[in-house]
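Engineer: Quick one: the structure is below, and I'll ask about it shortly.
The values are calculated or read from the model by the stated rules, or taken from the named source; none is laboratory data. In this text, all values refer to a predicted model and were calculated from it rather than measured experimentally. As a convention, Cβ positions derive from the backbone with ideal geometry for all residues, glycine included, and neighbour counts pool all protein chains shown. Calculation scope for accessible area: heavy atoms of the full protein, side chains included, ligands and nucleic acids excluded. Shrake-Rupley method; radii C 1.70, N 1.55, O 1.52, S 1.80 Å.
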Amino acid sequence: SNLFLRYFSVSALTVFIGFLVISLVMVFFIALQWWTDKVDVLSRNADDIVSIYTYLDYENEFDEPMVINTLKIMSRATQSEYFITDAKGDAFYCGDCESGDSSKCKNHKDIIVSDAILERAKKGGFSDYLTDETFGMGRFVVAKPIRNVKGEAEYVVFAVEDAITGLVPYVTSIIISITYSVLFALAICFIAIFFIVRGITKPLGEMQEA
């Protein structure tokens, strides 16, 4: 009957909109958590590199291959870029360097870190989402200073990752998983709504016909 269709349509639409809103909110907060976790990992890894570099330098046991291998391991494990620049912003170590070759950072030697970014890094470091000529478009960038015994920022560690390349596949997989779950839940809800609405409208329809 028309009464049943009206009640069923309104109820089903309300449930559908509710599920849609909840799903969008879930995707947003999951993506936000991924964003936060990714920056936190980059920051912790950059801190570890600073600690290793500082220890080796202060102890007069500087082991160049060890620093380069550390950058390599972290770059491959996290699919991020890690490189070290001097106080002027010239890169000389990165995860792509060959052990023992300290003269050039072959994939980062042409990078020119802007004075503004370098000043922020040397003052205490930063974690940010940047789009500029140095790092490219849509990048997570973490910078940590390496200080000498006088407390001066002598070098800077940069940890960089493409935010879009990492976020899009992750969010897509989450959306697919949530979509299947929501469709299954909606099917059950619509069946339940069908029987509930029919139970409510049947007596009303009989009263109208009487």
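Engineer: Examine the stretch 42-58 for a residue that is among the charged types (D, E, K, R) and either at pLDDT below 80 or more than 21 Å from the chain's Cα centre (by Cα) (or both), and state whether such a residue exists.
Structural biologist: Scanning the stretch 42-58 turns up at least one residue that is among the charged types (D, E, K, R) and either at pLDDT below 80 or more than 21 Å from the chain's Cα centre (by Cα) (or both).
Engineer: Give just the number: which of (1) at pLDDT below 85; (2) outside any helix (DSSP H, G or I) does residue 161 not satisfy?
Structural biologist: Result: residue 161 fails condition (1) only.
Engineer: Could you list, in sequence order, the residues of the stretch 116-158 that are without any contact (Cβ under 8 Å) to a residue 60 or more places away in the chain, part of a strand (DSSP E or B) and open to solvent by 40 Å² or more (accessible area, probe 1.4 Å)?
Structural biologist: Answer for the stretch 116-158, where residues must be without any contact (Cβ under 8 Å) to a residue 60 or more places away in the chain, part of a strand (DSSP E or B) and open to solvent by 40 Å² or more (accessible area, probe 1.4 Å): 128, 129, 131, 132, 137, 139.
Engineer: Can you tell me which residue within the stretch 87-111, out of those that are modelled with pLDDT under 75 and open to solvent by 80 Å² or more (accessible area, probe 1.4 Å), is farthest from residue 43 (Cα to Cα)?
Structural biologist: Across the stretch 87-111, the extreme among qualifying residues is 103.
Engineer: Which of the residues that make up the stretch 67-81 are surrounded by fewer than 14 Cβ atoms within 10 Å (Cβ to Cβ) and of a type outside the set (S, T, N, Q)?
Structural biologist: Scanning the stretch 67-81 gives 73, 76, 77.
Engineer: Any chance you could count how many residues in the stretch 175-210 are at pLDDT below 85, part of a helix (DSSP H, G or I) and out of contact with any helix residue (DSSP H, G or I) (no Cβ under 9 Å at 6 or more places or on another chain)?
Structural biologist: The number of residues fulfilling the criteria is 5.
Engineer: Take the stretch 64-98 and flag every residue that is among the acidic types (Asp, Glu), in a strand (DSSP E or B) and in contact with a His (Cβ under 9 Å, 6 or more places away or on another chain).
Structural biologist: Matches in the stretch 64-98: 81 only.
Engineer: For the stretch 1-13: of the residues being in a helix (DSSP H, G or I) and open to solvent by 90 Å² or more (accessible area, probe 1.4 Å), which is farthest from residue 199 (Cα to Cα)?
Structural biologist: So the residue we want is 13.
Engineer: Which residue, of 158, 140, is under 16 Å from the mean Cα position of the chain (by Cα) and on the phi < 0 side of the Ramachandran plot?
Structural biologist: The match here is 140.
Engineer: Can residue 84 be described as touching a helix residue (DSSP H, G or I) at 6+ places or on another chain (Cβ under 9 Å), open to solvent by less than 30 Å² (accessible area, probe 1.4 Å) and at pLDDT 80 or above?
Structural biologist: Yes, satisfied.
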